[in-house]
Amino acid sequence: MKLSKNNEPLIVDIKAPSNKGNFLKLQKKEVPDDNPAPRILLKITKGKSKIILQSSLAAFVIISAFYAISIFSFKKEAAGSIADIYGNFKKSAALLMNFEPAKAKSGFESVQKEIQKIKSGTPPGLILLASLFSKTMPTAFNNLNNLTGAAIDLSGGLEYLKNNGFGLIVNRQGGIFIDRLENVKNNLNRVSKLTAELKNQTSKFGYAAGEDYLATSVNLYKSRQFLESLIGWLKLPGNQHLLILFQNPSEMRPSGGFIGSYAHLTINQGSLTDINVNDIYDPDGQLDLKIIPPRPLQLITANWGARDANWFFDFPISARKVIEFLEASKIYDERLTKFAGAIAINVELIEDLLNVVGSIQLDEYNLIIDGKNFLSEVQKEVEAGKDKEAGEPKRILKVLTPILFEKIGGLNDEQKQNLLAIFKNHLQNKNIMLYFKDLALESYLQGLKVGGETVKLPNNFYGDYLAVVSANIGGAKSDAFVTQKIKLASKINIEGEINNELTIERAHQGQNQKDWWYRKTNKNFIQILTPRDSRLISAAGGADKTIKPPIDYAKNNYQIDPDLQALEESAKIKEDLNVQLMNQRDKTVFATWLDVPAGANKKLKLEYENPNRMPLGVDAPLNYQFIFEKQSGVQGGLEFSIEAPPGYKWKQGDKQTFTYSVDDPPARLVINLDLIQIE
């Protein structure tokens, strides 16, 4: 602060007159140098004028002192209030990112009331004078108020889309749907701009939100990119195409279940104009592409097609592969049809949807389909119904699906809320997985963890990763009656080595079922995904199968798929253990066969060692992370335990052995633990 000669910054404390007659007591205090103080030049005259001037100056000092006290008290309170407001704002933003816009809107409205409370409790003259000392402060509060208003508008727009978006698409009101999306995008841009301005302003009076701001900026940027790409796709001229893959977990495949049928959705300017449900064998029957199938599949087919293309546990790879096969089929190739993406859904979702919309009567089949009988009745029609005799076994789905969509489009408010809860639950459990070719859309979906992608492990990963992936090869629909339990017992020795004992128990309970496709032996090619370069020590319970190519692929000019080639070329057979070892990017895979006849129970046991040792001996707690990824469509329990090395214990639980168990784990389970020395 620049000062005139012999002037010092003062804050005046006004106190009540004491017995000693002291009315005014001055204390010199440091004043924050937000902005240079106004420089006042006074010309002092003689006599009476001097006295008047001195009196006026004294009055000015007293009044200024009062406002100065209030200003800097206001500034201190404002900084604390902004911290509280920012915390509440942050909580509301988290609700918004968690797709709970109604709760977020309520939170933002509370924040706005707090801002108005501060502003209304401050005299107008004080705000004006405060701007002389710190021009930033009033502007910051105005921007915070504007930001909160934009956030309220954003939450309201998202709430509307959450409740009505699907209905707008299905009921061919795509123009309204796109307009609402653009409104959300505009409010998102407002939030982004005001957030940046507010961050710079609040930092000037002591509140830094650097890390929070960085994370918020990244999320806002990704959200804007997502909306711009989505709106741009919806507004493209002509028809746009999307796939729904019906995965049947009664016949497991790595990404979630055999794709017996699929729906081809046609979208024009945001409106769903056509739904065409097809048997997956239709496009495969018109596929001239010759690709060598995965080795285990060569037991049941000589050709690879869309029906078996979901061979990869990582859903984006499987979805891309399915789309490639479909687009190469004459059905779509001759029409130049290209699919923008694919949505995989499992039977459990359809059952729950039927529970919400109510039963559907199919007069031509003399059936009433509901959530309880959907799978059994549809499976019966597909395997032994009249449509199979006519060469169109999946026709029942072609009849049922449009009716189901129509019913969803006409739900009341209560049913919509139930539907949203169902979608959220199935997204979290990988019963719905989404993939888009567009990189911005796909990146955003993976960020939300709804893309079915596998987690990428860092190079120095101290912990464990596990995924158990089944593929039913020739076991009909027996997985509908197979239960699975996974138990992993890990132990860290004094050298920091992590040893694992894995037990997988599968029981086939379909022996008393009337239909043969449920009683058939469950023939399971099982893959265990572990951290890259894990070392297999022992294995028991698995079996080997000799697989001979059904045809001479080289002679018949078959091509090798590059994704499949990268996986299978790394394969090594440990014949003494009946286990095949493969490398899949950042994972090492142990694969074997585990066939379970109806009424039987079998166990597979593996012992293996992790590649990275825990760096024992350091003073700070060591972080250990366990990641489990569930296969889509599989239901079964998980039991995990890890024993700390001698002289150590786990901070979580304060014991040497940490245990965790769950009947139905989420799509991705992450457990973070701290290893500490015992004092």
Original post:
Going through the stretch 396-431 one residue at a time, which ones are farther than 30 Å from Leu669 by Cα and touching a strand residue (DSSP E or B) at 6+ places or on another chain (Cβ under 8 Å)?
Top reply: Ile396, Leu397, Lys398, Val399, Leu400, Thr401, Pro402, Ile403, Leu404, Phe405, Lys407
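Would you check which residues across the stretch 255-266 are in a strand (DSSP E or B) and under 27 Å from Ala667 (Cβ atoms) and list them?
Applying the first criterion (in a strand (DSSP E or B)) to the stretch 255-266 yields 258-266.
Across the stretch 255-266, the qualifying residues are Phe258, Ile259, Gly260, Ser261, Tyr262, Ala263, His264, Leu265.
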Original post:
So is Ala600 among the small types (Gly, Ala, Ser), modelled with pLDDT of 90 or more and under 30 Å from Trp304 (Cβ atoms) or not?
Top reply: no
**OP:** For the stretch 454-463, indicate whether the set of residues that are among the aromatic types (Phe, Trp, Tyr) and out of contact with any helix residue (DSSP H, G or I) (no Cβ under 6 Å at 6 or more places or on another chain) is non-empty.
**Re:** yes
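So, Arg224, is that one under 23 Å from the mean Cα position of the chain (by Cα) and closer than 23 Å to Lys630 by Cα or not?
Numbers: under 23 Å from the mean Cα position of the chain (by Cα): yes; closer than 23 Å to Lys630 by Cα: no.
No.
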Original post:
If you check Leu427, Leu466, Leu448, Leu441, which single one turns out to be over 30 Å from Leu606 (Cα atoms) and either surrounded by fewer than 18 Cβ atoms within 10 Å (Cβ to Cβ) or at pLDDT 95 or above (or both)?
Top reply: Leu448
Original post:
From the residues in the stretch 436-460 that are assigned to a loop (DSSP other than H, G, I, E, B) and touching a Pro at 6+ places or on another chain (Cβ under 8 Å), which one is farthest from Gly232 (Cα to Cα)?
Top reply: Leu457
Subject >> Looking only at the stretch 633-679, and only at residues there that are part of a strand (DSSP E or B) and among the charged types (D, E, K, R), the one that is farthest from Glu497 (Cα to Cα) >> reply: Arg668
Subject >> the stretch 374-417 - residue that is surrounded by 15 or more Cβ atoms within 10 Å (Cβ to Cβ), within 20 Å of Pro283 (Cα to Cα) and among the aliphatic types (A, V, I, L, M) and, of those, nearest to the chain's Cα centre (by Cα) >> reply: Leu397
**OP:** State which residue pairs qualify: first residue acidic (Asp, Glu) and inside the stretch 569-583, second residue surrounded by fewer than 17 Cβ atoms within 10 Å (Cβ to Cβ) and in a loop (DSSP other than H, G, I, E, B) in any location, beta carbons under 9 Å apart, and separation of 6 or more residues or different chains.
**Re:** Glu575/Asp544
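Is there a residue in the stretch 320-337 that is touching a His at 6+ places or on another chain (Cβ under 8 Å) and outside the structural domain of Ile528 (by TED's automatic domain parsing)? First the steps, then the outcome.
Residues of the stretch 320-337 that are touching a His at 6+ places or on another chain (Cβ under 8 Å), as a first pass: 337.
Adding the requirement that they be outside the structural domain of Ile528 (by TED's automatic domain parsing) leaves 337.
Within the stretch 320-337 (the criterion being touching a His at 6+ places or on another chain (Cβ under 8 Å) and outside the structural domain of Ile528 (by TED's automatic domain parsing)), the answer is yes, since at least one residue qualifies.
The values are calculated or read from the model by the stated rules, or taken from the named source; none is laboratory data. Computed from a predicted structure; not experimentally measured. Here the Cβ is made from the backbone with ideal geometry for all residues, glycine too, and neighbour counts use every protein chain on show.
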